[in-house]
Amino acid sequence: PAPTCVPRREQDVDAAVSCHEQRLKVASDHMLNDDMAAAYESLTHVYLGVAEKEEKAGDVTAALTGFSKCLSAAERAGNAVVAAKAHFRMGMLHFGAGRMPDATFHLRRFVEDGAAALGDRVAEGVAHTTLAQCLRSSGDAAGSIALLEAYLDSAGRSSTEQHGPAMACCSLGTIYHEQGDAQRAVTMFERFFEIARALGDRRVLDTARFNLGVARGTLRMPAYAAAVAGDLPKLLEWKASRAGL
């Protein structure tokens, strides 16, 4: 059988990586399938630890290398949970670095294949809204809208976690506002505002209130223009109608 690996110190990551890679080589050379599977499973977790350490240290390149190795080992080991984590983290790192095609690839894999395995509703919400931003940046607004609407439908039926739906509503409202569809923008921002109030997060609530105010102002712009062209009482009436959400 292939040698087992028990580094003297748990924090001795380099020794753990070297040991498990050697174990994999021995198992591969001798066609020891069970030992190969065990080695891949061990490397899955070791590489994950290395990648997370590098990400925390701010070394994006090293973190991506670690997550890539982790993903490869996880797929060989059949570990869907760790593979999902790797896709999610790689997608977010690529997004942060402005590499939208790579971010789109990994986040789409997570959304389509990994989210259910991981079972992390917060990560699922972040992945959907970030992937939607990637699609928007590539000019695929329709794809972004379809993705977010499908997510909201699913999240509304199956989850009590509301930060993800809040972000999705905000993103949809922003897209509709950019497209000049003020009514749909208001509808989405109203939903965002209601969720934000339920969450009790002041920063989210302030963002929701601001976005809703802008969208409502855009929707009422014809009335505002008429007031400006007419008399002061109409203008004051229009301004008063904006007060209080």
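Descriptive notes on the structure:
- Residue in the stretch 96-115 that is in contact with a Leu (Cβ under 8 Å, 6 or more places away or on another chain), exposed (fewer than 15 other Cβ atoms within 10 Å of the Cβ) and at pLDDT 85 or above present: no
- Residue match in the stretch 57-80 (condition: basic (Lys, Arg) and closer than 24 Å to residue 161 by Cβ): no
- Selection count where residues are buried (at least 18 other Cβ atoms within 10 Å of the Cβ), more than 18 Å from residue 110 (Cα to Cα) and of a type in the set (Ser, Thr, Tyr), scope the stretch 147-201: 3
- Filtering the stretch 65-78 to residues that are crowded, with 21+ Cβ neighbours inside 10 Å and either farther than 12 Å from residue 42 by Cα or under 21 Å from the mean Cα position of the chain (by Cα) (or both) leaves 66, 67, 70, 71, 74.
- Residue list for the stretch 165-221, restricted to those being farther than 21 Å from residue 154 by Cβ, free of Cβ contacts under 8 Å to residues at least 24 places away in the same chain and of a type in the set (Lys, Arg): 197, 202, 203, 220
- If the condition is being farther than 22 Å from residue 89 by Cα and either in contact (Cβ under 8 Å) with a residue 40 or more places away in the chain or charged (D, E, K, R) (or both), then the stretch 118-153 contributes 140, 149, 153.
- Within the stretch 41-72, the set of residues being touching a residue at least 24 places away in the same chain (Cβ under 8 Å) and aliphatic (A, V, I, L, M) comprises 43, 46, 48, 50, 51, 60, 63, 64.
The values are calculated or read from the model by the stated rules, or taken from the named source; none is laboratory data. Because the structure is a prediction, the values reported are computed rather than measured. Methodologically, a virtual Cβ is constructed for each residue, glycine included, from the backbone with ideal geometry; neighbour enumeration extends over all protein chains shown.
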